[in-house]
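Enquirer: Please read through the structure below; I'll follow up with questions.
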Amino acid sequence: MKQLVILIHGMGRTRFSMRSLEKYFKDEGYQVINESYDSRSKKIETIAVEHIGQLLSSIDSDEYEAIHFVTHSLGGIMLRYYLSHHSINKLGRIVMIAPPNQGSEVAELYKDKLWYKLATGKPGQQLYINNNPLFEQLKPVSADVGIMIGTKSSDPWFNHAFAGPNDGKVSVESARLPEMKDFITVDHGHTFIMNNRKVQQQIAHFLQHGIFEQ
């Protein structure tokens, strides 16, 4: 029976940022959905329900053995919000790439700056760390979750925002979730981490086995 992989891109990006992953999983025999959404004009709660809900309404879950998700950055927060309020039939495994699960140090430092507001829109205002009502309402994910985060900065101009290892936008520690089944760091930066073949192979390994390849 077929398995489906739904890809959810990050802030300020489109489905084209996930095209390499889309091709990889299609070549591996998966069905793949990879669609763009507006990541700047609406709050995370709204785009999560609208985008993920629309993707799920476009398929018949009975056609699939499992429906997996692979998210990048903001996409992981969107999926966590959706799953906190909705169930997904045939939900399989989830790989979150570079998710700001505890918030982003960059957002914490620059959320009040005009240039940051213009660059990141409404979601950018919701990704700060301290006393964040959005993160407080997110429930533990019941599915198998694997988290992957880079340790090589893709945005060295933000290095001063971090006290420890980071990918340029999200710290290694901020990516973690208590309920995660596995966690891995890779020598890549935030922006293009999903295009690396070894990264793609690790994602596929988790979807198949529930752990990353050590």
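Enquirer: Within the range 34-58, can you find the residues that are within 16 Å of G76 (Cβ to Cβ) and assigned to a helix (DSSP H, G or I)?
Expert: I44, E45, I47, A48, V49, H51, I52, L55
Enquirer: When you scan the range 100-214 for helices (runs of 4 or more DSSP H) that lie fully inside it, which ones turn up with 3 or more residues that are touching a residue at least 12 places away in the same chain (Cβ under 8 Å)?
Expert: Output list reads 105-110, 114-124, 197-209.
Enquirer: Another question, then. I'm trying to understand the selection: among the residues of the range 166-178, which are open to solvent by 40 Å² or more (accessible area, probe 1.4 Å) and either closer than 14 Å to I147 by Cβ or modelled with pLDDT of 95 or more (or both)?
Expert: Hits for the range 166-178 are E173, R176, P178.
The values are calculated or read from the model by the stated rules, or taken from the named source; none is laboratory data. Predicted model, so just to flag it, every value in this text is computed and none were measured. Glycine gets a Cβ as well: all are built from the backbone with ideal geometry, and neighbour counts include every protein chain shown. Surface areas here come from the heavy atoms of the whole protein model, side chains and all, with no ligands, DNA or RNA. Shrake-Rupley method; radii C 1.70, N 1.55, O 1.52, S 1.80 Å.
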